[in-house]
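Following: one structure in C-alpha cells, then a few remarks.
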Amino acid sequence: MDKNIENLIPKDKFDIERAENLKNYSYLEIKSIVPELLEWIQDCNWSVAKPISEYLASIHENITFEILQILKTNDEVWKYWTILIFGEITNNKSIRDEIIRIAINPTENEIAEEVDKVANDIIKVRNWN
C-alpha cells in the first residue's frame with residue numbers, strides 16, 4: 001500500500017482540500033482507506049462530507065460490502081446519510097433489500113432518527129414496490 005494514500009484521509013471536518021483531492025485517485029488506489037472515508041459521511045453537515053460523498057458515490061459499485069455493513073450497524077444517523085447518498089444509485093440487491101427492510105420493518109431507533117422515512121423515499125424514487 002502506498003503510505004501516501006493515508007494522506008488523503010481528512011484530518012478534520014474542514015479539511016476540504018484533502019477531500020477534494022480524492023477525485024484524482026481510482027478506487028484501486030484508495031481501496032485501503034475506504035472505511036476511514038466512509039466515517040466522514042457519518043454527518044453530512046460536516047464540510048468534508050460533500051466532496052467525500054460525491055467521490056464515494058462515483059465508486060459505489062466497488063464498496064457495496066462496506067455500504068451494507070453501515071446499514072447493519074446501530075448508528076442510525078450514519079445509516080440515514082448512507083441511504084441518502086447511495087440509495088438512488090445502487091443496483092446491489094443486498095443494499096436494496098436492507099433499505100426495504102428499514103422502510104417496512106424499522107427498529108425503534110431507525111424510526112426515531114427517521115431512517116425509515118428516507119428509506120421509504122428511496123423506495124418511491126426507485127419504484128421498488
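Can you return the lysines within cross-link range of residue 13? Criterion is Cα-Cα under 23 Å, with same-chain partners fewer than 8 residues away left out.
Candidates past the 8-residue exclusion: 3, 23, 31, 50, 79.
Can you compute the charge dipole magnitude of region 41-129 about its Cα centre, using +1 on each Lys and Arg Cβ and -1 on each Asp and Glu Cβ, nothing else charged? Give it in debye, rounded to the nearest 20.
About 320 debye.
Expressed in whole Å with the largest first, what are the equivalent ellipsoid semi-axes of region 64-116 derived from the C-alpha gyration tensor as the square root of 5 times each eigenvalue?
16, 11, 10
Given the DSSP H assignment, sum -39500 (n - 2.57) over each helix run of at least 4 residues in the chain and divide by its residue total; what's the result at 222 nm in deg cm²/dmol, nearest 500?
-15500 deg cm²/dmol
Just to be sure I understand: with springs between alpha-carbon atoms less than 10 Å apart, which residue in 13, 50, 79 has the highest mean-square fluctuation in the Gaussian network model of the chain?
Maximum among the listed residues: 13.
List, in order, the whole-Hz ³J(HN,Hα) value for each residue of region 10-16 obtained from phi through the Karplus relation with A = 6.51, B = -1.76, C = 1.60 and θ = phi - 60°; use x for Gly and Pro.
Per-residue couplings from phi come out as x, 8, 7, 6, 9, 7, 4 Hz.
Just round it to a whole percent: the fraction of Cα-Cα distances in region 11-126 exceeding 18 Å.
Tail fraction, whole percent: 48.
Relative contact order for the chain: what is it in percent, counting Cα pairs under 8 Å that are at least 6 residues apart?
Computed value for the chain: 19 percent relative contact order.
Bear in mind that the values in this text are calculations on the coordinates, not laboratory data. Bear in mind that the values here come from a model prediction, so they are computed numbers and not experimental data. Cβ coordinates were reconstructed from backbone atoms using ideal geometry, including for glycine residues, and neighbour counts include every protein chain displayed.
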